[in-house]
Amino acid sequence: MRNLITDVPGVLVGNAEDRRAATGVTVALFEQSTVASIATLGGAPGSRAVTLLEPEMTRGLIDAVVLSGGSLFGLDAAGGATSVLVSQKRGAMFGGMTLPVAVQAILFDLMNGGEKDWIKEPMTHKPPYWDLGRDAALAASAEFALGTVGAGVGATTVNLKGGLGSASARTGQGFTVGALVAVNAVGSATIGDGPQFRAGAYEQGSEFGGLGWPAKVPAEALAIRFKGQPAPATATTIALVATDAKLSKAECKRLAIMANDGLARALRPVHAPNDGDTVFAAATGHAGAGGEPPVLTELGAAAADCLARAVARGVYEATALPYAKSLPDWRSKFDRH
């Protein structure tokens, strides 16, 4: 086990960044077209082709999930990823053509200090996301970095640098579950001003510092702190959970709903009006049927735990952006070793 979503057979992940612009793209590719669904609980989402993931819609399979910075500009990334899928002959055949499906969610990282030339001079510069989507898809593999990479490059929380996180686990039924998340949260992943993560109860080993929870949460740590006070909010946490169980689209929908609880365990507040928190759920089917209620219940609980851990890992592994007003990263602020 790598403690990455790629521990789920059939899932590969690639990252690509534009460091000057302080933004990036992460692409999860499926080695075979895969059943998936989605649950969006944030109040201001941005996405591409996700309505087809609802259980009543006709299309049942997808080929990639794209997580991107750039807000609405970032939606170009799915086009670049799709070009790679076509070149690799992934997807369904329709009328003699290969038609892959790359679904996408975006986060808002436009005010993090990077040079967004396509906003300043829109007629002479184009957004980098189509190219980044292509490059991330081409880089997809079982091994990938965490922290300030891919869709996590420009991500922040209210008090610390955010980033790309991942985690995995095996259930008692023998299924593998994994999570991948770009943490650009409207709230905080840590308890108050201290180093301990809200997801500390779910930590495996010392994957994000091994500090656990405080014996008692101080009253000041319960104060609600979030982006948008007074500056405009730049938020949204976007994620994918995956399993090797065989599930229907409706069962993937339930998995996505349950996995969203992982965000609530790791971030405070979450699912706010001005963020677009979104969780995809995919089932590669490599390990047999997993849709019976007791099995699906365990899968959903494990997915939520993995997502909580992945959020903390994304913040723990991040490094601060090189700008005067950038937020500090967890390690530079708290790691004394």
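Quick notes
- Failed condition for Leu263, given (1) closer than 17 Å to Pro55 by Cα; (2) touching an Asp or Glu at 6+ places or on another chain (Cβ under 7 Å); (3) part of a helix (DSSP H, G or I): (1)
- Summed over the stretch 159-190, residues that are assigned to a loop (DSSP other than H, G, I, E, B), in contact with a helix residue (DSSP H, G or I) (Cβ under 8 Å, 6 or more places away or on another chain) and either among the aromatic types (Phe, Trp, Tyr) or surrounded by fewer than 24 Cβ atoms within 10 Å (Cβ to Cβ) (or both) total 4.
- For the stretch 37-53, the set of residues classified as among the hydroxyl-bearing types (Ser, Thr, Tyr) and open to solvent by less than 50 Å² (accessible area, probe 1.4 Å) consists of Ser37 only.
- Residues that are over 21 Å from Leu255 (Cβ atoms) and part of a strand (DSSP E or B), drawn from the stretch 1-47: Gly14, Asn15, Ala16, Glu17, Asp18, Thr23, Gly24, Val25
- Residue in the stretch 266-299 that is least open to solvent (accessible area, probe 1.4 Å), counting only those that are among the polar types (S, T, N, Q) and assigned to a loop (DSSP other than H, G, I, E, B): Thr284
- The single residue among Val101, Val86 that is farther than 24 Å from Asp18 by Cβ and at pLDDT 90 or above turns out to be Val101.
- Conditions (1) of a type in the set (Ser, Thr, Tyr); (2) modelled with pLDDT of 95 or more; (3) open to solvent by 20 Å² or more (accessible area, probe 1.4 Å): number failed by Thr243: (3)
- Residue in the stretch 7-23 that is open to solvent by 30 Å² or more (accessible area, probe 1.4 Å), in contact with a Lys or Arg (Cβ under 9 Å, 6 or more places away or on another chain) and on the phi < 0 side of the Ramachandran plot present: no
- Pairs are defined by a Cβ separation below 8 Å, a sequence spacing of at least 6 or placement on different chains, a first member in the stretch 300-319 that is farther than 14 Å from Glu203 by Cα and open to solvent by less than 30 Å² (accessible area, probe 1.4 Å), and a second member that is assigned to a loop (DSSP other than H, G, I, E, B) and aromatic (Phe, Trp, Tyr); no pair meets this definition.
- Top-ranked residue in the stretch 92-118 [being loosely packed, with under 12 Cβ neighbours inside 10 Å and hydrophobic (A, V, I, L, M, F, W, C); ranked as farthest from Thr58 (Cα to Cα)]: Met97
The values are calculated or read from the model by the stated rules, or taken from the named source; none is laboratory data. Everything numeric in this text was worked out from a predicted model, so none of it was measured. Don't worry about glycine lacking a Cβ; one is built from the backbone with ideal geometry, like all the others, and counts go over all protein chains shown. The accessibility values were calculated without ligands, DNA or RNA, using every heavy atom of the protein model including side chains. Shrake-Rupley method; radii C 1.70, N 1.55, O 1.52, S 1.80 Å.
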